Amino acid sequence: MDVVTTADKTQPFLPDLHVTDALKTANYTILAPDEKTKPIAQDACRGLESVRIELRDISQTLSNQEGTMLQPGDLIILPAVYPTTEQFKRALQNARQLLTSDGRLCLIVPAYQAEDTEASGRAAGLSDWIRINDFEDVHKQKLVLLIGSNTTVTANGTHHHGEVIILQPPTPSLEAAELAVLLEESLSSLGYLPSPLSWVSDPALFEGKACISLLEADRPVLHELTEDGFARAKKLVLGSAKLLWVSGLDDPGSAVAAGLARVVRNEEPGRAFHTLNADFADAGPEVLCRLILRVFCGGGGDNEFRVVGGVTQVSRVVEDDEMNAELDGIDPAKDKIEIGEVAVGEAGMPLKLCVRNVGLLDSLCFEADFLSGAELGDDEVEITVKATSLK
């Protein structure tokens, strides 16, 4: 289901999604708020079959509007472009009501509105948020794609979020086994369906499901994987719908999971791979269970957590545009340097890649690398770049 607000603000996303083949086995509905917007939506989707265009203003009460009854959708795309906050919150509530029990809501918002928008989505009852950053619209405005999951209410009044796999080592310690039992009971009370599984179980059992790994609750695993263990870890990371890796080790080896998660998230943006590191011996099963629930059920958009001295810390990288501009302008002679063309291999000196104007690919050039060939100091380490990429 694709929601259009006003003709001068948004357009249907369908023409840009390249899902013509999928429309042969799926229904696609576009909601237009008024008669003025409907023909624009029709023109944008001309030639696409199985597309219905309905007159509905999702920011208003749906029961008061005429038209055929809308069928629940597995996916709803909602632009966060509304005149007032109240209209946007009402649109969120209506969108959630139109989602199936395990449906997804996609929101495309400016980067500076992402935190507030996700908070509004959580208040509307959507959970398990995924955030994909770093893309721009035609006006070079930084945008963020937010994806939230719907939940349904069970008979006992809790929310049903689906099955959660609790992965345990084949022979867990007494403390790790106690942690798994506490976690299973807590998840059940919150409306989840926990399923304890051993690490040696068939990997197909956690395919497409949310998983909490307790493999490293009190012993290292990743840094000494066998070939079979590596294959299992790969299937877990790439096959699960959401993964929280818990490490209870006060040991440098606990950083292996965090490093792996960073690489995976960088290679596959949007993959829900979170890590939590806390000293199990110091925290104990009950405290660690509460920490796991806070991270798994909330997280606030962060994906890497550690507990130091009882304080939960998160890993965030925030780009400082002002300082970037300041550092970029430190060299007053930079713009006066003349750029010449030299054949590869004929420069006669070591070179390094540089950018004269940050953000402009046309300003990429090479400059002399005066550090090349210099002897390393006793406290220095040489790092060699083997591959680079531009995006």
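A short reminder: the numbers here are calculations on the coordinates, not readings from a lab. Keep in mind it's a predicted model, so treat the numbers as computed, not measured. Cβ sites come from the backbone with ideal geometry, for glycine too, and all protein chains shown count toward neighbours.
Based on the alpha carbon coordinates of region 159-314, what radius of gyration and maximum Cα-Cα distance (Dmax) apply, in Å?
Both quantities, over Cα of region 159-314: 14.1, 39 Å.
If amide H atoms are built 1.01 Å from N in the plane of the peptide, which residues on other chains or at least 5 residues away come under 5 Å of the amide H of residue 77?
Distant-sequence amide H within range of residue 77: 2, 3, 106.
Could you check the simple spin-label distance between residue 102 and residue 318, using points 7 Å along Cα→Cβ, in nm with one decimal?
According to this spin-label approximation, the distance is 3.8 nm.
With r defined as the distance between the Cβ atoms of residue 36 and residue 282 and R0 fixed at 51 Å, what FRET efficiency is calculated, to the nearest 0.05?
Numbers: r = 63 Å, r/R0 = 1.24.
So the FRET efficiency works out to roughly 0.20.
May I ask for the distance between the Cα centers of region 173-202 and region 242-260, given as a whole number of Å?
18 Å
Using label points projected 7 Å from each Cα along Cα→Cβ, tell me how many nm separate residue 265 and residue 343, to one decimal.
4.8 nm
Amide H to amide H, which residues 5 or more places from residue 28 or on other chains are under 5 Å from it, using H placed in the peptide plane?
For residue 28, the qualifying residues are 52.
What nm value, rounded to one decimal, do you get for the distance between residue 71 and residue 202 when each label is placed 7 Å out toward the C-beta?
With each label placed 7 Å out from Cα toward Cβ, I get 3.3 nm.
Using the Karplus equation 6.51 cos²θ - 1.76 cosθ + 1.60 (θ = phi - 60°), what ³J(HN,Hα) coupling, rounded to whole Hz, does each residue of region 346-351 give in order, writing x for Gly and Pro?
10, 6, x, 7, x, 10
Taking H as built 1.01 Å from N, whose amide H comes closer than 5 Å to the amide H of residue 249, not counting residues under 5 places away?
278, 280
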